[in-house]
Structure formats: structure tokens, C-alpha cells
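Some notes on the structure that comes next.
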Amino acid sequence: MGIVRKPSIRSYWHKNPILATPLFPRVMKRERYENLMRFLHFNDNALCPPRNDPMHDRLYKIRPLISLMSAKFTDNYVPDQNISVDESLMKFKGRLLFKQYIPSKRSRYGVKFYKLCESTTGYTWAFRIYEGKDNHLDPPGCPDCIGTSGKIVWDLVYPLFNKGYNLWVDNYYTSIDLFKNLYCFETLACGTVRKNRRGFPQILTAGKRSRGSSSSLRQEEVLALRFTDKKDVYMLSTVHDESTVPVPVRGRTEPLEKPKCIVDYSKFMGGVDLTDQCIQPYLVNRKTRAWYKKIAIYLTEIAIFNAYVLYKQAAVQKPYPFLEFMLEIISQLILTPAPVTSALESGDL
């Protein structure tokens with residue numbers, strides 16, 4: 001339904017030749033589909049701890065699926081050296097305690113996902129769902145000094161410690177304390193930083209600079225840098241030195257010398273955005289008050305894209321586009337006849 005879009009669910013079973021889609025009534029009756037969606041559950045609600053219980057889980061309704069997807073995403077793929085952490089918003093406008101409003105996102109209202117993705121392919125290797133401010137995150141071995149945003153990064157990245165990864169983050173997560181602690185576990189990091197972040201050298205923020213100028217300071221393994229283009233850009237990095245590279249600029253005959261950390265940041269930071277861009281045209285955006293069903297569908301779409309990344313890497317010939325890949329999955333699931341098994345093989349005897 002993310003590929004063939006119609007104004008309502010019932011339109012998919014409409015008999016009007018203008019709206020008719022023969023595949024849907026051929027596969028399943030409308031009443032059966034509606035009943036399946038109505039009674040779709042992923043956990044036993046009767047066993048859910050009450051809200052005043054210390055063991056209460058706000059994601060209890062969907063927790064088994066989250067655990068399954070998380071395990072499959074990490075077990076079936078080893079990301080390349082460059083990984084990025086960023087947030088993504090699943091559109092949801094119903095009533096929900098941990099619903100977020102992020103005006104910079106296209107959806108604006110929804111459920112926030114923190115994702116760790118491979119920078120070059122967009123493969124989602126790990127994810128966490130935001131559960132509210134009062135949800136205390138305590139990942140293994142995490143120091144208290146890195147703050148809440150740092151704990152999010154730590155929780156996603158710690159299974160990859162001591163393996164030589166380069167991590168790319170934006171200014172919400174970047175801090176000197178986080179980068180120093182990651183460095184101790186052979187995980188280098190680079191990201192934009194807010195100029196008022198604790199520990200950032202204020203000498204770099206003072207005064208106005210001409211366009212194209214850069215200045216930097218280094219303390220042990222951490223490089224702090226300011227570069228002035230159309231506006232000031234502040235960076236922290238344990239990956240780079242102060243070197244610059246020429247970058248072509250539209251309307252100028254001579255290239256602009258930019259710090260290499262900024263060029264690499266632009267190249268490797270977009271892993272999460274790449275995933276969102278690929279699945280956005282095919283998202284199933286149906287209104288529902290059952291938030292856990294929307295999360296289940298969204299996780300399924302992420303899983304399909306992850307499978308597409310694996311397919312592209314294993315393909316001997318030119319791989320299908322993502323749309324063709326999804327159509328092939330649909331064809332295999334609902335158009336290919338199920339194999340006939342004997343009663344003995346099926347366990348009915």
C-alpha cells in the first residue's frame with residue numbers, strides 16, 4: 001500500500017473499474033484484512049506491568065518485535081569503517097506520551113528513532129526509540145560526564161568498540177567528553193559542535209573572520225576547529241589533523257581551501273538521511289490510533305531497505321532499483337504458490 005496509494009483502505013477492494021486493483025481481492029478478502037489488522041498484537045497485554053510498576057515498559061506492546069529486529073540487523077551485517085548516528089521521525093499525530101514535535105523534520109509530529117547507520121549505504125545497524133524524558137538510559141560502561149545525548153550515542157555504538165570505527169554525529173551529540181571517552185575504545189569521532197558547548201575553546205569563537213579562513217586548536221587527541229564560509233562552522237574531531245583540501249565553488253575560478261574534516265563530514269554524515277530518502281516514497285501513511293502498529297510497519301520498511309543493501313552487495317549483475325526489489329519481494333510472498341507438503345512433513349499426524 002506504500003507503492004499503490006489510494007484515498008482509503010477500502011478503495012483497494014473497490015469494484016469501480018476506475019479504482020479497482022485486482023491483486024488485492026485476489027489475495028485476500030477485505031473483511032479478512034480488516035480483522036487481521038484489528039487483532040494484530042505483538043505481546044500479551046494481560047502481562048503488561050502497570051504504569052506505577054518500576055518494570056513498566058512504554059514499548060511493551062511492540063517490544064518483542066523491536067528485540068527481534070535489533071538482533072537481526074546486527075547479526076546479519078558488519079558495517080564499514082564509517083558510521084553515523086542521527087535521529088529520524090516516524091509520522092504519528094495520535095495521542096502518545098512520548099510523541100515528539102520537531103519542526104525541522106518533514107513529519108514534524110511523530111515517534112523519534114535514534115539510528116546508527118552505515119554512512120555509505122544507509123544500512124540501519126542499530127536503533128533506539130525515544131520513550132520520554134524521564135526514561136533513564138544506562139548503557140554498559142557509560143560515564144556520567146557525557147550527558148544524555150552522549151549516552152544515546154554510547155548505547156548505539158558500544159558493541160562496535162575497539163574495532164577502529166569512525167563515528168560521525170551532529171552538534172546535538174558532539175562533546176569533548178564524549179569524543180575523549182570514545183577514543184579510549186579505539187573509536188574515532190567527528191562532528192559539528194555548538195560554540196557554547198562546555199569545554200570548547202572560546203578563543204575560536206571570538207571576533208569575525210573573513211570567508212574561507214579557518215583556525216584550530218588541538219588538545220591531545222581532540223581537534224577543535226572554526227571555519228568561516230557563508231557562516232561559521234565549528235567542528236570537533238579525533239579523526240583529522242588541520243589539513244585542508246581544495247573544493248570547487250560555483251561561480252569562482254579558483255577552488256576554496258576547506259578543512260578536510262568538514263569535507264569528510266559532508267561525505268559521511270548522511271547515512272540516516274539516505275535511509276529516510278529511499279523509503280520515504282513508499283511509506284505506508286495510514287491514520288491509526290494504534291501507535292505500535294505504525295512502528296511495526298515502519299520497522300518492516302527499514303528491514304526491507306536493509307535487505308536491499310545486502311542484495312546489492314551480493315548481486316553479481318547490475319542490481320535492481322529499490323522499487324523493483326520490493327515488487328519482487330511482494331511477488332514472491334503473495335503470487336508464488338506455497339509448496340505442497342505432506343501431512344507427515346507438516347506435523348499434522
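Highest mean packing first, where packing is the average number of other Cβ atoms within 10 Å per residue, the peptides 242-252, 20-30, 144-154 line up as 144-154, 20-30, 242-252.
Shown in residue order for the stretch 26-36 are the 3J(HN,Hα) couplings computed by the Karplus curve 6.51 cos²θ - 1.76 cosθ + 1.60 at θ = phi - 60°: 5, 7, 7, 6, 4, 4, 5, 4, 5, 5, 4 Hz (x for Gly and Pro).
For the chain, the relative contact order comes to 15 percent (Cα pairs under 8 Å, sequence separation of at least 6). So what does the Cα-only Debye profile of the stretch 173-260 read at q = 0.13, 0.16 Å⁻¹, as log10 I(q)/I(0), no solvent term? Normalising to I(0) and taking log10 leaves -0.44, -0.64. Rounded to the nearest 20, the size of the Cβ-charge dipole of the stretch 173-260 about its Cα centre is 600 debye, with Lys and Arg at +1 and Asp and Glu at -1. Between helix 291-314 and the chain there is an angle of about 70 degrees, using the helix long axis and the longest principal axis of the Cα atoms.
Among Ala71, Ser8, Ala189, whose Cα sits farthest toward the positive end of the charge dipole of the chain (+1 at Cβ of Lys/Arg, -1 at Cβ of Asp/Glu, about the Cα centre)? Most positive-ward Cα: Ser8. Between amide H atoms placed 1.01 Å from N, distances below 5 Å from Val247 occur with Leu256, Glu257, Lys258, all of them 5 or more places distant or on a separate chain. Charge dipole of the chain (Cα centre as origin; +1 on each Lys and Arg Cβ, -1 on each Asp and Glu Cβ, all else neutral): 2060 debye, rounded to the nearest 20.
Applying the criteria of a DSSP loop state and at most 11 other Cβ atoms within 10 Å to the trypsin sites (Lys or Arg not before Pro) of the stretch 262-339 yields Lys287, Arg289. In order along the stretch 179-191, phi translates into HN-Hα couplings of 5, 5, 5, 5, 4, 5, 10, 6, 10, 7, 9, 8, x Hz, rounded to whole numbers, per the Karplus curve 6.51 cos²θ - 1.76 cosθ + 1.60 with θ = phi - 60° and x for Gly and Pro.
Rg over Rh for the stretch 46-149 works out to 0.98, both radii taken from alpha-carbon positions and Rh defined as the Kirkwood radius. Averaged over residues, the count of other Cβ atoms within 10 Å places the peptides 301-308, 126-133, 70-77, 315-322 in the sequence 301-308, 126-133, 70-77, 315-322, highest first. Centre-to-centre, using Cα atoms only, the stretch 153-232 and the stretch 64-92 are separated by 24 Å. Rounded to 0.05, the FRET efficiency of the Ser70 and Gln280 pair, given R0 = 25 Å and the Cβ-Cβ distance, is 0.65.
Using C-alpha pairs under 8 Å with a sequence gap of at least 6, the mean separation divided by the residue count of the stretch 173-260 gives a relative contact order of 26 percent. Please report, to one decimal in angstroms, the Kirkwood hydrodynamic radius of the stretch 196-309 built from all distinct Cα-Cα pairs. Here the Kirkwood hydrodynamic radius works out to 17.6 Å. Compared with the dominant principal axis of the Cα atoms in the chain, helix 147-157 is inclined by about 60°.
No value in this document is a laboratory result; all are computed from the given coordinates. Since this is a predicted model, take the numbers as computed values, not measurements. For neighbour counting, all protein chains shown are included, and Cβ atoms are generated from backbone atoms with ideal geometry for every residue, glycine included.
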